[in-house]
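Below is one structure, written out as structure tokens; comments come after it.
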Amino acid sequence: MSSLLIVEDEQHLAEGLRFNLEAEGYDVEVRDNGEAALESVLQRAVDLVLLDVMLPGMDGFAVVAELRARHQYVPVLMLTARGRPEDVLHGFAAGADDYLTKPFELSILMARVKSLLRRKQWLQQPAPDRFAFDGRVIDFNGMEVRRGENRWPLTLMEANLMRYLIEHRGESVSRKSILEEVWGVHEDTDTRAIDNFIVRLRRYIEDDAAEPRYLTTVRGVGYRFQTTS
């Protein structure tokens, strides 16, 4: 049974989510502020966090950033009425794995939850746990990229994308295939959102992210990951 943590200060919404998620067979815990959410994740095993942005005290952006700073890579689905592109990018930059704006359809929420849990299971499969090339190491167990003395932590979303690109290295992969095969189909997701993750991965693996050598853009298609070793 997967364990979910709901972090939401609107009690009626939190209890409604709890009721429906428990009906689907999930073990659900509810917290109404960011500090309590951090304590819960640090003290017990949690498979997924549903995190509101507008919380009393520490907001959702700060919570997910603090989790990543403490090397806690539990998948995080942010729930918020703040759906402006800059808010979505802020959430992803902080380390969120997915973002759903309010109001939302319950069926869409359930699909996102299942998708994130599938990604977590996929990442834990005994497929290569590390990939090394040209002095770089992608460590899927440690959830980080190492290059020389530098280390960059990976979010679940980044790790899943990196693994997919490695498995298809040398091939051109489309944004649509990434959405469908790695992150699940999101009908309301702009495929250009993937570009932001590509930019971040380039910062980790490229000598010059502005002139990529390994992770290149295939105009009109998507991206290609290729190495020389």
TODO: Within the range 2-22, track down each residue that is surrounded by 21 or more Cβ atoms within 10 Å (Cβ to Cβ) and either touching a Gly at 6+ places or on another chain (Cβ under 8 Å) or among the polar types (S, T, N, Q) (or both).
DONE: V7
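Do we have L161 as over 23 Å from I6 (Cα atoms), at pLDDT below 90, outside any strand (DSSP E or B) and among the hydrophobic types (A, V, I, L, M, F, W, C) here?
Taking the combined requirement at face value, the residue satisfies it.
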Task: Hits in the range 138-149 - residues which are surrounded by 14 or more Cβ atoms within 10 Å (Cβ to Cβ) and over 22 Å from R70 (Cβ atoms) - done: R147
TODO: Give the residue that is farthest from V49 (Cα to Cα), with candidates limited to residues of the range 133-158 that are touching a residue at least 60 places away in the same chain (Cβ under 8 Å) and not β-branched (V, I, T).
DONE: D134
- [ ] Just need a number here: residues in the range 1-33 that are over 12 Å from D47 (Cβ atoms) and touching a helix residue (DSSP H, G or I) at 6+ places or on another chain (Cβ under 8 Å).
- [x] 9
Open item on the list: Against the conditions (1) crowded, with 18+ Cβ neighbours inside 10 Å; (2) touching a Ser or Thr at 6+ places or on another chain (Cβ under 8 Å), where does L67 fall short? Just the number, please.
Closed with: (2)
Task: Options R169, R146: the member that is in a loop (DSSP other than H, G, I, E, B) and modelled with pLDDT of 90 or more - done: R169
TODO: Report yes if some residue within the range 25-39 is exposed (fewer than 15 other Cβ atoms within 10 Å of the Cβ), small (G, A, S) and at pLDDT 90 or above; otherwise report no.
DONE: yes
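Condition test on A62, is it surrounded by fewer than 18 Cβ atoms within 10 Å (Cβ to Cβ), touching a residue at least 40 places away in the same chain (Cβ under 8 Å), of a type in the set (A, V, I, L, M) and within 26 Å of N160 (Cβ to Cβ)? Give the derivation first.
Details: surrounded by fewer than 18 Cβ atoms within 10 Å (Cβ to Cβ): yes; touching a residue at least 40 places away in the same chain (Cβ under 8 Å): no; of a type in the set (A, V, I, L, M): yes; within 26 Å of N160 (Cβ to Cβ): yes.
So A62 fails the test.
The values are calculated or read from the model by the stated rules, or taken from the named source; none is laboratory data. All of these numbers come straight from a predicted model, not from anything done at the bench. No Cβ is skipped: glycine too gets one built from the backbone with ideal geometry, and neighbour counts run over all protein chains shown.
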